[in-house]
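Okay, so here's the structure we're looking at.
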Amino acid sequence: MLQGDDSMTRLKTEDICHIDAKLGEYNDELVKKTGHTLSEIAAHAVDVEEKNVNRKLHKVAIIPMSCGQGIIEGFSESVASIVNFLGFKTFVTIHHDASGIAEAIEKSANILMIADDDRFIAVNLRTGRISDNSKATGKGYAAALEFMCQGLKQKRVLIVGAGQVGAGATEALIHMGAQVDVYDLNLEKAKKLKERIEEEKNYSVKLETDLDSALVKHSLIIDACPALGYIQKRHITDDIMIVAPGIPLGINQNILPQVYNRLIHDPLQIGVATMVFDASII
Ligand code: 2YC
């Protein structure tokens, strides 16, 4: 069953420890599925021309934070490998927490990336711009879907999950001209997103109240909820395209081979790439 909480799913070391070694391979997979690189997807997500992003202006520090449930072994290193892959000068501070922030600034970093149990942010010290991983992930995955479908104008997209990731995806999809339908286990949460979007974007999101029929009806799906394996064989059609940010994956393991070429899913890469491009905007 879907769980209704909005708390981000805490990554485990085994979810992320392979990222660095497989970034080239993952980038090739994105080019095969979407026609674009990780860098191009992230730049598109924040509406900048990828080749105009002057990486030389920035130095990015990732600072391990020991608060809450503590440091995730390999997390900062994985984030740094993604940011480095995008062409930014990047380092993980030796010290944690406040000492790490001081070290980052003493080493002339202008973008700091830090994550506690509730938020993962990139902050640009020069501009004061803050990029939040959840919102950036939603935008980055909407951009990946748009590339994979060669455009989303007038196309219907189902977003499963009305949390921060779903909200980021909703705003991006409206910007792309898509028709956005939203389902959340917690109808009140879906209604709140609908009301906010109507106020801020003057756009009417359609609410789905039955997940199974929504999955059968839609061929473009953004899995933006922390539930496991709810997308089943009966939901898979020939024209289905699914983007699934983060862990766990909402698609049942036994149908993965069937949808693999029309599925984009990663534990961190697209979200981190989008947030660092977002924070670097001057
Ligand atoms: O190692 C550290 O600095 C830890 N404080 C990091 C904790 C990250 C907790 N959040 C997550 O595991 C992820 C986010 C990266 C996005 C969704 N969940």
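The values are calculated or read from the model by the stated rules, or taken from the named source; none is laboratory data. Treat the numbers as computed from the prediction; the structure is a model and nothing was measured. FYI the Cβ positions are ideal-geometry reconstructions off the backbone, even for glycines, and counts take in every protein chain you see. Surface accessibility is based on the protein's heavy atoms, side chains included, excluding ligands, DNA and RNA. Shrake-Rupley method; radii C 1.70, N 1.55, O 1.52, S 1.80 Å.
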Pairs with Cβ under 6 Å, 6+ apart, first in the stretch 75-90 and without any contact (Cβ under 8 Å) to a residue 12 or more places away in the chain, second within 16 Å of the ligand (Cβ to nearest atom): Asn84/Thr90
Selection count, the stretch 77-111, where residues are over 25 Å from Asp15 (Cβ atoms) and assigned to a strand (DSSP E or B): 1
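Taking strands (runs of 3 or more DSSP E) that fall entirely within the stretch 174-282, which contain at least 2 residues that are under 30 Å from Ala61 (Cα atoms) and touching a residue at least 12 places away in the same chain (Cβ under 8 Å)?
Filter on the stretch 174-282 gives 241-245, 263-266.
With the structure loaded, tell me whether Ile247 is within 13 Å of the ligand (Cβ to nearest atom), at pLDDT below 95 and over 21 Å from Leu152 (Cβ atoms) or whether it fails that test. Can you show your working first?
Numbers: within 13 Å of the ligand (Cβ to nearest atom): yes; at pLDDT below 95: yes; over 21 Å from Leu152 (Cβ atoms): yes.
Criteria met by Ile247.
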Cβ pairs under 6 Å, 6+ apart, first in the stretch 24-47 and over 15 Å from Gly138 (Cα atoms), second of a type outside the set (Ser, Thr, Tyr) and open to solvent by 20 Å² or more (accessible area, probe 1.4 Å): Thr34/Phe147; Gly35/Phe147; His36/Phe147; Thr37/Asn27; Thr37/Val31; Ser39/Glu50; Glu40/Glu50
Residue in the stretch 118-125 that is within 12 Å of the ligand (Cβ to nearest atom), closer than 21 Å to Asp15 by Cα, without any contact (Cβ under 8 Å) to a residue 24 or more places away in the chain and of a type outside the set (A, V, I, L, M, F, W, C) present: yes
Hits in the stretch 239-271 (condition: crowded, with 22+ Cβ neighbours inside 10 Å and polar (S, T, N, Q)): Gln269
